[in-house]
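S.K.: Before I ask anything, let me first share the structure, which is written out below as structure tokens.
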Amino acid sequence: MTKLSVVIPTFNRRSVLERSLSALLDQDLPAEDFEIIVVDDGSTDDTSELLRGWKAHCAFRALQSPHRGASSARNLGIQAASGDLILFLDDDLIGAKDLLRQHCASHSLPEARIVNGRIRTAPDSAKTVVRHLTELTDPVYLSMEPVMDAHDPKSIPPGITVTPSIANSSMPRDLLLRSGGFDEKILAAEDLELKLRLWKMGASFRYQPAAVAYELYDKSSWQYLWTQARALGAGDILTSRKHPEYRPYSALSTLGTTGTAKRWLRSALMRSPVSPVWFLALPLRLEKWYYRCDPLRSAGVHLFTLAARIAQLRSALSVAGSCKALKQEFGILCPGLMYHHVGPSHPGTFRELTVSPRQFERQIRWLARWGYTGIKPSDWLRWRREGTGLPRKPILITFDDAYAETAEYALPILRRYGFGAAVFVVTERIGGTNTWDEAEGRGTLQLMTAEQIRYWAAEGIEFGAHSRTHADLTQLPADKCAAEIAGSKSDLANLLGAPVVSFAYPYGHVSDTVRELVRAEFDLAFGVGEGLNCLRDDPHLMKRRYVGPDDLLLDAAVGFRWRREARWLGDLRIKLALRSRLKEALRHLGRRSSDCA
């Protein structure tokens with residue numbers, strides 16, 4: 001039986017295909033150990049004539065199929081292959097002399113693995129912006145370790161295309177057959193989708209830099225924009241729907257990371273009846289003329305990147321159906337609010353952590369009036385995983401420490417307005433007091449009892465863990481830190497009789513070690529960083545805006561809509577608070593003077 005089958009799909013690329021085949025005939029692997037299968041995907045040039053007359057010293061087959069895309073052609077090649085291993089090459093890849101031998105050697109272990117070789121730019125490629133962009137990734141390839149494990153989408157280094165691409169990748173044929181091969185409905189991300197499927201089947205991925213192939217770029221940047229780039233957006237959205245765990249790493253997950261002005265401009269470009277890509281790409285027609293000039297080449301890179309991004313977004317829009325639907329699936333921005341104690345002030349306690357019930361209700365009423373809907377952490381988690389289930393304007397309202405008066409005053413207000421929320425519990429202090437504050441000489445506040453927690457959980461309030469003792473986790477040894485985190489989860493899960501998905505870092509203090517320990521136990525974790533949460537963000541550094549007794553509703557409006565709080569507004573807030581206190585003091589003095597008189 002043939003050991004290695006090389007499968008090459010092709011479409012109207014006779015000139016580059018001829019060079020690719022010639023390189024395969026010069027391999028140092030014995031001819032009896034490999035075969036070449038070329039699948040002509042309905043070419044209309046003289047590719048079929050070349051294949052009919054091609055003479056090879058190894059087993060060689062040329063298959064013909066209607067023009068249905070590279071996925072269909074590769075699937076046909078998989079079915080026809082007789083080798084134990086299959087190596088996928090594109091028709092513009094020119095293999096180094098030892099390419100096939102390096103791939104075979106990388107499969108010496110019995111485990112099911114996918115080996116990704118290195119792709120470099122052929123020196124005589126056309127001088128295009130696409131070629132230049134590819135060359136910029138070469139230093140990143142060199143920084144990768146040989147046989148690097150790339151089994152998880154989030155382990156792919158930024159800028160690397162070696163793992164998603166199927167070109168210059170080899171794998172066992174029986175693994176491909178069991179996976180079902182390529183999804184022929186996904187035209188531009190079919191290789192990524194297949195590799196995600198193989199990863200979920202338990203296959204291991206390895207990068208082998210010694211298996212080198214040279215890509216001969218003959219397409220212009222203009223051609224790339226109107227073919228590959230136009231299809232990538234649709235492929236990305238279809239892959240994300242099929243593999244929800246890929247959603248945070250997809251190109252579409254960046255929809256929520258740009259500022260308001262850029263979002264408005266992007267929306268206009270996406271909905272334009274005439275594609276802006278045509279106008280942006282027009283200067284690229286002259287890319288060969290200015291390729292040698294660094295400033296012009298740099299400008300070309302920016303222009304190409306912008307045009308490709310718009311082409312991808314318009315492609316994704318065609319699948320989603322509307323800008324609103326695309327935003328709802330990938331671009332939701334969710335603010336978070338962090339409260340502590342909602343209730344009357346108590347002597348000796350932190351004034352900065354107390355919000356009066358009247359002020360709290362005024363804030364919730366304002367949010368409801370402006371169309372916000374309070375959600376729970378599990379709602380956000382479900383949207384991250386599935387892209388569904390969130391209202392148009394969600395907001396995460398959270399309460400740290402689980403004070404009893406929060407249950408008495410705040411939670412009934414939330415229920416009245418139909419808002420969900422989350423309360424983070426210090427599990428070894430349930431029914432007790434805030435001992436972490438008392439240790440610093442602060443006043444005492446009662447914490448929620450087990451009965452209160454169960455009652456409000458049944459009413460739709462979600463409870464998360466806040467450690468066992470409210471210790472600063474960054475100051476604890478690893479074993480004690482792990483006990484605080486895992487123990488609080490088990491304590492709360494036993495109390496509620498339900499899974500616990502979220503955690504809040506005590507004092508907002510978090511280190512890399514603490515975050516990884518929390519990641520091992522919880523799906524979400526909340527810090528104290530301000531900003532809006534989006535799909536791209538680390539789910540274990542969820543953002544929340546602190547709410548204190550001096551906060552104005554206008555602060556919230558600026559923070560939610562424009563992603564940052566204006567400095568002048570903070571100064572105004574302080575001045576208004578000081579003026580209010582001064583007036584109160586003057587009134588108090590006036591009353592005393594009147595009493596004395």
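S.K.: Cβ-Cβ under 6 Å, sequence separation 6+ or interchain: first residue in the range 61-77 and closer than 23 Å to residue 34 by Cα and free of Cβ contacts under 8 Å to residues at least 24 places away in the same chain, partner in a helix (DSSP H, G or I) and not hydrophobic (A, V, I, L, M, F, W, C). Which pairs?
M.R.: As it stands, the answer is none, since no pair meets every condition given.
S.K.: Follow-up question, since we're still on this one. Of the residues 354, 388, only one is among the polar types (S, T, N, Q), surrounded by 17 or more Cβ atoms within 10 Å (Cβ to Cβ) and either within 21 Å of the chain's Cα centre (by Cα) or closer than 30 Å to residue 505 by Cβ (or both); which? Even if it seems obvious, please write down each step before you answer.
M.R.: Details: 388 fails: surrounded by 17 or more Cβ atoms within 10 Å (Cβ to Cβ).
Step by step, each of 354, 388 is checked, and only 354 is among the polar types (S, T, N, Q), surrounded by 17 or more Cβ atoms within 10 Å (Cβ to Cβ) and either within 21 Å of the chain's Cα centre (by Cα) or closer than 30 Å to residue 505 by Cβ (or both).
S.K.: Going by the structure shown, is residue 27 farther than 25 Å from residue 126 by Cβ and more than 40 Å from the chain's Cα centre (by Cα)?
M.R.: Criteria met by residue 27.
S.K.: Determine whether residue 28 is surrounded by fewer than 17 Cβ atoms within 10 Å (Cβ to Cβ), assigned by TED's automatic domain parsing to the domain that holds residue 176 and touching a residue at least 12 places away in the same chain (Cβ under 8 Å).
M.R.: The answer is yes for residue 28.
S.K.: Please tell me if residue 332 is buried (at least 19 other Cβ atoms within 10 Å of the Cβ), assigned to a loop (DSSP other than H, G, I, E, B) and either within 28 Å of the chain's Cα centre (by Cα) or at negative phi (or both).
M.R.: Judged against the criteria, residue 332 is a match.
S.K.: Within the range 295-327, track down each residue that is in contact (Cβ under 8 Å) with a residue 12 or more places away in the chain and more than 20 Å from residue 235 (Cβ to Cβ).
M.R.: 297, 300, 301, 303, listed by residue number.
S.K.: Shifting gears a bit: Any residue at all in the range 10-33 that is at pLDDT 95 or above, touching a helix residue (DSSP H, G or I) at 6+ places or on another chain (Cβ under 6 Å), under 25 Å from residue 209 (Cα atoms) and hydrophobic (A, V, I, L, M, F, W, C)?
M.R.: No; the residues of the range 10-33 include none that is at pLDDT 95 or above, touching a helix residue (DSSP H, G or I) at 6+ places or on another chain (Cβ under 6 Å), under 25 Å from residue 209 (Cα atoms) and hydrophobic (A, V, I, L, M, F, W, C).
S.K.: If you don't mind, there's one more thing I want to ask. Spot the failing condition for residue 74; the list is (1) farther than 21 Å from residue 227 by Cα; (2) basic (Lys, Arg); (3) buried (at least 21 other Cβ atoms within 10 Å of the Cβ), and only one is missed.
M.R.: Residue 74 satisfies all of (1) farther than 21 Å from residue 227 by Cα; (2) basic (Lys, Arg); (3) buried (at least 21 other Cβ atoms within 10 Å of the Cβ) except (1).
S.K.: Picking from 469, 444, which residue would you name as being at pLDDT below 95 and either buried (at least 17 other Cβ atoms within 10 Å of the Cβ) or assigned to a loop (DSSP other than H, G, I, E, B) (or both)?
M.R.: 444
S.K.: Given 204, 179, 240, which one is modelled with pLDDT of 90 or more, among the polar types (S, T, N, Q) and assigned by TED's automatic domain parsing to the domain that holds residue 74?
M.R.: Just one listed residue meets the conditions, 179.
S.K.: Right, here's the next one. Take the conditions in a helix (DSSP H, G or I), under 19 Å from the mean Cα position of the chain (by Cα) and among the acidic types (Asp, Glu) and apply them to residue 287. Does it pass?
M.R.: Numbers: in a helix (DSSP H, G or I): yes; under 19 Å from the mean Cα position of the chain (by Cα): no; among the acidic types (Asp, Glu): yes.
No: the conditions fail for residue 287.
S.K.: Another question, if that's okay. Can you go through 374, 441 and tell me which one is under 15 Å from residue 335 (Cβ atoms) and either outside the structural domain of residue 248 (by TED's automatic domain parsing) or touching a strand residue (DSSP E or B) at 6+ places or on another chain (Cβ under 7 Å) (or both)?
M.R.: 374
S.K.: OK, next. Find the residue count for the range 265-275, including only residues that are more than 22 Å from the chain's Cα centre (by Cα) and either part of a helix (DSSP H, G or I) or aliphatic (A, V, I, L, M) (or both). Write out each step before concluding.
M.R.: Within the range 265-275, the subset more than 22 Å from the chain's Cα centre (by Cα) is 265, 268-269, 271-275.
Still in the list and also either part of a helix (DSSP H, G or I) or aliphatic (A, V, I, L, M) (or both): 265, 268-269, 271, 274.
Total satisfying the criteria: 5.
The values are calculated or read from the model by the stated rules, or taken from the named source; none is laboratory data. Nothing here was measured: the structure is a model prediction, and the numbers come from that model. Methodologically, a virtual Cβ is constructed for each residue, glycine included, from the backbone with ideal geometry; neighbour enumeration extends over all protein chains shown.
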